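Q: Can you read through this structure? Questions will come right after.
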Amino acid sequence: MSELVDFLNSTGLLNIDWRDAIMLAVGLVLVFLAITKQWEPYELLPIGLGILIVNLPLTGIAISPSESGGTQGAGIFGVIFHYGLSFWNILPPVIFLGIGALTDFGPLISNPKTLLLGAAAQIGIFVAFWGALGLNFFAADTFSLGEAASIGIIGGADGPTTIFLSANLAPDILGITAVIAYTYMAAVPFIQPPIMKLLTTKKERSIVMKPVREVSKTEKMIFPIIALIIILLVVPRAAPLISMLVVGNIFKESGVVPRLTSAASNELLNIATILLMLTVGTQLQADLVFRLETVLILVLGLVAFAAGTTGGILFAKFMNLFLKDKINPLIGSAGVSAVPMAARISHHMGQQENPNNFLLHHALGPNVAGVIGSAVVAGVFLSLIG
Amino acid sequence: MMELHFDSPSLVAGNPNNLKFGSNGAISEALINQSLITTAIGAGTTVCLLIILMIVSFLMGWVSTTFTSLTSKTSQDDESDKADENRARAAVVVASILKSSKEYDRGNSN
């Protein structure tokens, strides 16, 4: 009889509490949204599944080697989290390799002014950074400097960068910052358009931009190499992200290693995405989520996205005061990264005013600049805080 | 190797990552300073680097455009030379035809 009681006590059925049940529901909602609405399915589906798995009680699947006293007692996602993220942090750079192999710097090179929009949109990072620190005035010891930086970087709207920085500076909130970053990236079609409409006039949204020049293959190879050298000389801590981005891009642009390009942009990127997203999901355990801090991070993440969008649009309007060939301020919002979703939103918003206005190519400039900008900010945060 | 030294707040109050507002007066002030420094350096570095990359892109574009226009000008010159050559050749052919037709006429007049 005692064996039966022991067995029952070892089942999840007798160990599940209401918080686990809510997290299971959250996991199911993410899975549902990913499948039916196709919201960032490559991220939200594995994250949702990870949440489902980890919140089933007593699986021990996310116990890390440091908690268990060795790898043998650790769970598979604990091991992946430990070696792939918090200890070695290799998964985000691997994802950047794949992103690099998919990125086209052409729109950026053909219209260099758009780099400024990418810079302006990074204001969201600092707004959320100060917002997180400012909360400590109301409740002492809410967020440390490292946590504030990890929350701020959500405003960069770049999942791997958020994970990379959080894993280094605030591994305790990694799962939360990552999920919030990806959730808001998925929600960009809902967050950005109202702000874009509010900050621009119909006339501004109708601006048709001059076609940009064609960029040669040589330029497409020289630019990332120069960018790599300049950025890493100034911010060496950004090397894991920037170097992998450039390596992947040179693979693609050189055209001489199609197998490597394909491996980086398909197999490697997909494997890293599976491991990373599942592991991020398994970091969202009920006892970590049901805290006031999580709600605050949710709000701050939204503030970061909104501030980044606002910064990009307002700076585009400011630039128009001095430019002969006006730029459509809608492309400023693409500076928050979220490649290529944010660029698509700019394009669609432009087409709503003028169906013959094709902004996608123009918006990809600030979009790619945003990726570089947020990686640079992450590098600076690491240099100063890490 | 040259190393820069300055009394940053982190030296005063330990690892800034562990510092929090409101813990006590000294730490709070140190953290505010550290946050200000982080913001200034972070934003400044990002903006400066992206401006440098913008200048690099402009320069690359200028070189590329200049090179392309030079190349197209050279090819235009080549084309016009070729056209002159063609016209000259055509003139020679026409002249020879006219000459031969005159001879033909002369021959027929006999």
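The values are calculated or read from the model by the stated rules, or taken from the named source; none is laboratory data. Since the model is a prediction, treat every value here as computed from it, not as a measurement. Neighbour counts run over all protein chains shown; Cβ positions are idealised from the backbone, glycine included.
Q: Select, from A:Leu384, A:Leu330, A:Leu360, the only residue that is under 18 Å from A:Lys113 (Cβ atoms), at pLDDT below 95 and hydrophobic (A, V, I, L, M, F, W, C).
A: After ruling out the rest, the residue left standing is A:Leu360.
Q: Moving to a separate point now. Among the residues of the range A:352-386, write down those that are of a type in the set (Phe, Trp, Tyr) and away from every other protein chain (no Cβ under 13 Å).
A: A:Phe358
Q: Go through the range A:104-132 and give me each residue that's over 21 Å from the mean Cα position of the chain (by Cα), over 17 Å from A:Val336 (Cα atoms) and within 8 Å of another protein chain (Cβ to nearest Cβ).
A: A:Ile109, A:Ser110, listed by residue number.
Q: Looking at the range A:244-256, which of its residues are touching a residue at least 24 places away in the same chain (Cβ under 8 Å) and at negative phi?
A: Result: A:Met244, A:Leu245, A:Val246, A:Val247, A:Gly248, A:Asn249, A:Ile250, A:Phe251, A:Lys252, A:Glu253, A:Ser254.
Q: Right, next: Residue by residue through the range A:133-157, note down the ones that are over 18 Å from the mean Cα position of the chain (by Cα) and within 7 Å of another protein chain (Cβ to nearest Cβ).
A: Within the range A:133-157, A:Leu133, A:Asn136, A:Phe137, A:Ala140, A:Asp141, A:Ser144, A:Leu145 qualify.
Q: What single numbered condition from (1) surrounded by fewer than 10 Cβ atoms within 10 Å (Cβ to Cβ); (2) at pLDDT 80 or above fails to hold for B:Arg106?
A: Going through the list (1) surrounded by fewer than 10 Cβ atoms within 10 Å (Cβ to Cβ); (2) at pLDDT 80 or above, B:Arg106 breaks only (2).
Q: In the range A:196-218, which residue that is under 24 Å from A:Thr310 (Cα atoms) and buried (at least 18 other Cβ atoms within 10 Å of the Cβ) is nearest to the other protein chains (Cβ to nearest Cβ)?
A: Residue satisfying both the conditions and the ranking: A:Met209.
Q: Would you list the helices (runs of 4 or more DSSP H) that sit entirely within the range A:1-93 and hold 3 or more residues that are in contact (Cβ under 8 Å) with a residue 40 or more places away in the chain and over 16 Å from A:Leu275 (Cβ atoms)?
A: Because the criterion is at least 3 residues that are in contact (Cβ under 8 Å) with a residue 40 or more places away in the chain and over 16 Å from A:Leu275 (Cβ atoms), the helices (runs of 4 or more DSSP H) in the range A:1-93 that meet it are A:18-32.
Q: Read through the list (1) away from chain B (no Cβ under 14 Å); (2) farther than 20 Å from A:Val246 by Cβ, then give the number of the only condition that A:Val336 fails.
A: Unmet for A:Val336, out of (1) away from chain B (no Cβ under 14 Å); (2) farther than 20 Å from A:Val246 by Cβ: (1).
Q: Related question: Checking A:Ser150 against (1) closer than 25 Å to A:Ile80 by Cβ; (2) free of Cβ contacts under 8 Å to residues at least 60 places away in the same chain; (3) in contact with a Gly (Cβ under 9 Å, 6 or more places away or on another chain): exactly one of these is not met. Which one?
A: (3)
Q: Answer yes or no: is there a residue in the range B:51-64 that is at the interface with chain A (Cβ under 7 Å from one of its Cβ atoms), closer than 19 Å to A:Ala128 by Cα, of a type in the set (S, T, N, Q) and surrounded by 18 or more Cβ atoms within 10 Å (Cβ to Cβ).
A: Within the range B:51-64 (the criterion being at the interface with chain A (Cβ under 7 Å from one of its Cβ atoms), closer than 19 Å to A:Ala128 by Cα, of a type in the set (S, T, N, Q) and surrounded by 18 or more Cβ atoms within 10 Å (Cβ to Cβ)), the answer is no, since none of the residues qualifies.
Q: Next up: Considering only the range A:174-194, state which residues are among the β-branched types (Val, Ile, Thr) and either touching a Phe, Trp or Tyr at 6+ places or on another chain (Cβ under 9 Å) or buried (at least 24 other Cβ atoms within 10 Å of the Cβ) (or both).
A: A:Ile176, A:Thr177, A:Val179, A:Thr183, A:Val188, A:Ile191
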